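As structure tokens, the structure follows; a few thoughts come after it.
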Amino acid sequence: DWTPDQFIESTVAELREQIGNDKVILGLSGGVDSSVAAMLIHQAIGKNLYCIFVDNGLLRKNEFEDVLHSYKDMGLNVKGVDAKDQFYTALAGLTDPEAKRKAIGKIFVDVFDQESHQVEDAKWLGQGTIYPDVIESVSVKGPSATIKSHHNVGGLPDYMKLKVVEPLKTLFKDEVRLVGKTLGISENIIGRHPFPGPGLAIRILGDITPEKVAILQEVDHIFISSLKKTGLYDQVWQAGAMLLPIQSVGVMGDERTYERVVALRAVTSVDGMTADWCHLPYEFLADVSNEIINKVRGVNRVVYDISSKPPATIEWE
Ligand code: XMP
């Protein structure tokens with residue numbers, strides 16, 4: 001039978017054999033998969049693993065600093081890269097969700113490529129690919145995509161020409177979490193909700209500005225910390241807030257206000273493919289809504305998303 005201890009022991013031995021004295025580069029995202037992959041490779045080869053953690057300016061409030069700190073505590077050889085301005089510049093004026101995703105992907109590749117050149121003579125690219133990712137990319141992209149990327153090899157960023165090492169390729173998410181726990185990775189990383197690569201950019205409907213990011217970070221922070229404080233966080237598969245591209249009328253004292261609307265979303269799910277909206281307690285929602293409206297300037301209305309997937313998706317973009 002599969003046990004995390006056995007998996008770790010045999011995987012670390014295999015990685016050591018496979019990689020030898022080579023250098024490996026790995027992009028950390030703050031999520032479970034890349035963190036666990038990094039710790040496994042770290043156990044095998046130590047300082048020859050070079051981790052890169054990019055701040056795209058679209059993470060949750062304080063997330064970059066907090067997670068970078070955790071990574072260092074874990075003993076990882078990690079470089080934090082502040083690329084916020086590059087991402088904001090590339091996103092300026094873009095409103096189409098796919099255009100935003102493309103812009104973010106392109107800047108990420110540029111930044112990662114540049115950073116990976118700082119690691120002389122790297123031979124491998126470490127990735128946190130898990131089993132469902134493998135299946136998904138086969139069924140979604142099909143063989144023609146494989147052929148296409150093969151033809152495109154000359155045009156790929158340099159780091160993509162590295163040999164790929166993916167120690168979690170046979171595992172499901174719950175197994176990855178078990179392995180992470182056994183490796184001693186903190187609950188703060190292992191237990192965290194999924195978070196999309198494009199981050200808050202696809203939770204700000206319409207164009208992205210640093211000001212909107214700051215507002216959404218505050219709103220999201222109130223929502224997520226309240227979930228944690230009340231013990232609801234672990235019962236929810238994923239939660240977050242959306243900044244809507246509309247304003248609505250409100251009243252404050254004798255004044256009429258005309259300010260932003262945010263939507264809160266919390267779902268239960270097994271794999272993200274289908275999801276139900278969480279029936280969070282009314283009292284909880286009332287407290288969160290009050291706190292947001294009282295504390296976050298520029299927001300005068302909070303709504304709660306009661307749509308399930310399908311037909312609604314988890315993200316709004
Ligand atoms: P949807 O919105 O499609 O989301 O129901 C399902 C899961 O995927 C995440 N998601 C993304 N993750 N890049 C990512 O890395 C993306 O562009 C992206 N879009 C959605 C979403 O957060 C949810 O967990």
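Taken together, the values in this text are just the output of simple stated rules run on the coordinates, not laboratory data. Computed from a predicted model, the values in this text were never measured in an experiment. Backbone-built Cβ (ideal geometry, glycine too); neighbour counts: all protein chains shown.
Values as computed for the structure displayed
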{"quantity": "Verdict on residue 265 being among the charged types (D, E, K, R) and within 13 Å of the ligand (Cβ to nearest atom)", "calculated": "yes"}
{"quantity": "Test result for residue 68, more than 16 Å from the ligand (Cβ to nearest atom), in contact with a helix residue (DSSP H, G or I) (Cβ under 7 Å, 6 or more places away or on another chain) and within 25 Å of residue 122 (Cα to Cα)", "calculated": "no"}
{"quantity": "Subset of the range 191-211 [more than 13 Å from the ligand (Cβ to nearest atom) and surrounded by 18 or more Cβ atoms within 10 Å (Cβ to Cβ)]", "calculated": "204, 208"}
{"quantity": "Candidate set: the range 269-279, residues that are surrounded by 15 or more Cβ atoms within 10 Å (Cβ to Cβ) and in a strand (DSSP E or B); chosen: the one farthest from the ligand (Cβ to nearest atom)", "calculated": "277"}
{"quantity": "Options 110, 96, 22, 5: the member that is touching a helix residue (DSSP H, G or I) at 6+ places or on another chain (Cβ under 8 Å), under 19 Å from residue 201 (Cα atoms), surrounded by fewer than 20 Cβ atoms within 10 Å (Cβ to Cβ) and not aromatic (Phe, Trp, Tyr)", "calculated": "110"}
{"quantity": "Any helices (runs of 4 or more DSSP H) falling wholly within the range 21-136 and containing at least 3 residues that are closer than 21 Å to residue 161 by Cα", "calculated": "32-45, 97-116"}
